[in-house]
Amino acid sequence: MENGKSSMRTIPILSDILNFLTAPDLPKTSLAISETHLALLTLRYSKREFEPRNLGVLRLPPGLVNASFTELNIVDEPSMIDHLKKTAVQSGMKQVKRMSACLPAGSAYSLVISLESVPGARTELAQVIEWKVERSLGHKFSDLQVNYQRLRDFNGHPRWIISAAHKRVIEQYERIFKELGWQVGLITPRHIGEAQWLMRSGLEEDQVIISLNDRGFDAVIVRGDEPILIREVQCPLSERENEFYRLMVFYKDRLLPEDSRGLLNRILTIGTPAEQRNFCDVLASALEKDTVSLGPQQLGLKIDPAAPFNHFAAAAGLATMAWN
């Protein structure tokens, strides 16, 4: 694993609590929220390896968190605050000061867009972004909190990554964090936290991460230290492998560089061991080549083999940004 500087700090945020693009450092403590679990940890970095210094993973009562892009996510705020406190106690943190947070899958969206050319003025670019967001997400731009950042061009076309969340959703999370006295400097979609593991690897060839959930899956294809494709797919569980196969065929047909170098063969699957094997096989079938299934060891994360990596992968990935 390389620890050199990269452009990962340009990945956009959803929260205006702290402008992390100009911040001297990011917290080593991160929280990941899903519909089923909370995960809170602090990372340490030594001898080219990350290791949790504090780690708490807590199962949530069914229905306490309902991931939604437009509706409030937390059904019972006092209960959520209580569970967050319990997670902090389990992690061994006497006090949570500065931290970052990942929202549940489906609560915030990201997309990579490509334009024919760069608009001549900032106001023109803003208008194009606003139109793209409203067309893609089906919501008024004024109702959303949106951040966007320029990526490297692809085959001569300029690209941007856009992240968006509904203001009422962000405001509820911020209200809860304020009640706890936790200073949250960065709030991101869950898949952005998870994708950090691939973006910081320093590899030139493409890689893919797929994060499975009860509604389908999120997939991020990374080229170097930037995402080139983000898909949030809702489908029956029985169709997840078929949908992923179609997505990888689309990648092979449409997203390879003109010289076709760097075809991905590494996949990180946030799921059970059986799901990890299955999706690695699907990738091999779609791309017609040998593939490698990644785990914590290959990512440079030192943990007990029995540790629930699937539940804290996003929090840990986000915390690695403290060393960018």
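For Gly262, the requirement of being at pLDDT below 95, touching a Lys or Arg at 6+ places or on another chain (Cβ under 8 Å), within 28 Å of Glu49 (Cβ to Cβ) and in a loop (DSSP other than H, G, I, E, B) is met.
Checking each residue in segment 25-41 for being touching a residue at least 60 places away in the same chain (Cβ under 8 Å) and either within 15 Å of the chain's Cα centre (by Cα) or assigned to a strand (DSSP E or B) (or both) picks out Thr29, Ser30, Leu31, Ala32, Ile33, Ser34, His37, Ala39, Leu40, Leu41.
Each row is one residue, and each column tells you yes or no for (1) in a loop (DSSP other than H, G, I, E, B); (2) touching a Cys at 6+ places or on another chain (Cβ under 9 Å); (3) buried (at least 17 other Cβ atoms within 10 Å of the Cβ).
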residue: Ile221; (1), (2), (3): no, no, yes
residue: Leu229; (1), (2), (3): no, no, yes
residue: Glu232; (1), (2), (3): no, no, yes
residue: Phe244; (1), (2), (3): no, no, yes
residue: Pro257; (1), (2), (3): yes, no, no
residue: Gln297; (1), (2), (3): no, no, no
residue: Thr320; (1), (2), (3): no, no, yes
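Checking the conditions here, which among Val128, Val112 is in a strand (DSSP E or B) and either without any contact (Cβ under 8 Å) to a residue 40 or more places away in the chain or farther than 30 Å from Leu55 by Cα (or both)? After ruling out the rest, the residue left standing is Val112. Among residues belonging to segment 71-104 that are at pLDDT 95 or above and hydroxyl-bearing (Ser, Thr, Tyr), point out the one that is surrounded by the fewest Cβ atoms within 10 Å (Cβ to Cβ). That would be Ser79. Of all residues in segment 271-296, those that are assigned by TED's automatic domain parsing to the domain that holds Arg215 have Cβ atoms under 9 Å from Cβ atoms of residues that are charged (D, E, K, R) and assigned to a loop (DSSP other than H, G, I, E, B), 6 or more apart or on another chain, in Leu283/Lys289; Ala284/Asp290; Pro296/Lys302.
Across segment 139-193, the qualifying residues are those that are over 17 Å from the mean Cα position of the chain (by Cα), among the aromatic types (Phe, Trp, Tyr) and not in a helix (DSSP H, G or I), and the one among them that is surrounded by the most Cβ atoms within 10 Å (Cβ to Cβ) is Trp182. Of the residues making up segment 119-169, those that are of a type in the set (Asp, Glu) and over 20 Å from Leu229 (Cβ atoms) are Glu124, Glu130, Glu134, Asp143.
The values are calculated or read from the model by the stated rules, or taken from the named source; none is laboratory data. On a predicted model such as this, the values are computed, not experimentally measured, just so you know. Cβ atoms come from the backbone with ideal geometry, glycine included; neighbour counts cover every protein chain shown.
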